[in-house]
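All remarks here apply to the structure that follows.
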């Protein structure tokens, strides 16, 4: 026992923010480690499939690295494919923050691109300045996308319709609407090979980032991701969305307009997918046709889930999957595998990712209890 006459020594107390930082790091690490574990398990399962087919897993992953990131050309191809993935992933991430599972980004992308092409037709014929035309095309694509996914949000709140089912059905309806007009009244008769709308022409195409072959859609996707992250994490609107997503009844009891928040989140999400459709028309296709339904909306679902619906994390994950998609052609030529091989990888990753949801909260190393939790 210490001598009572001994002067008391001040206890060394760690600054509170150190404890807060430790807690945040431990909690945040779980949302990084488990998705990475899911990717590792996916790679292992797909490697076993390749071995069963008599193919080399090492060669496959080497071709993915080379075809997606190995050269300047492949990297730019990857970044170009990442643009619609970022925007369609945001279409999933925003409703997810309020507790909704919306998977209809493909339909909003297709209709947004179609609306952009339709708006462009009279302006191109009337020789409206390209900059004004592109702005109106982008606005049309975003408005149509916002309306399309906004319907899903309204049906969920007002009628209790499951948003996952309704958004998926709305995708098929949106693609059918585009095909109806593209193959009918709006078909360009000068192009008999593939039903399409009239081309907008090179003068009305979105330019590329200087020094690259990547269009400005990538910049738009990154800027939107940053802005939406700030909106969701640093504003009262984002706080209200998190409260409504965590406990809708408590949010209603506190007077929060849950229905309005749901519709707004879905509308913003749809606008992101509609903007992706605009860039597909104005930077890639030059017209609206069946090529708009390229599956970016479905891959965006996987990107968003793997990023844990975090707008900032969506950017690197989208680039990763953009590289996988970009390497599909090289894999087909070198290994003799079908073009659908990339889709098999994505499907496996999605199933494993969903199964990995049961792992959250089960690792003691990531859990914070007792005094640390009260720090």
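Read-outs throughout are calculated quantities, based only on the coordinates presented, and are distinct from any laboratory measurement. Computed from a prediction, not measured in an experiment: that's the story for all the values here.
Taking the C-alpha atoms only, the angle from helix 72-97 to the longest principal axis of the chain is near 70 degrees. Three principal axis extents describe the C-alpha atoms of segment 164-231; from largest down they are 43, 40, 15 Å. Relative to the longest principal axis of the Cα atoms of the chain, the long axis of helix 130-159 lies at roughly 60 degrees.
At 4 °C and a viscosity of 1.567 mPa s, what translational diffusion coefficient does Stokes-Einstein give for segment 98-137, taking Rh as the Kirkwood radius over Cα pairs? Give it in µm²/s as a whole number. List each step's numbers first, then the result.
Numbers: Rh = 11.7 Å.
D, rounded to a whole number, is 111 µm²/s.
Seen against the Cα atoms of the chain and their longest principal axis, helix 16-52 is set at about 50 degrees. By the Cα gyration tensor, segment 86-316 has an equivalent ellipsoid whose semi-axes, rounded to whole angstrom, run 32, 19, 14 from largest to smallest.
Across segment 300-356, counting alpha-carbon atoms alone, Rg and Dmax equal 12.4, 37 Å.
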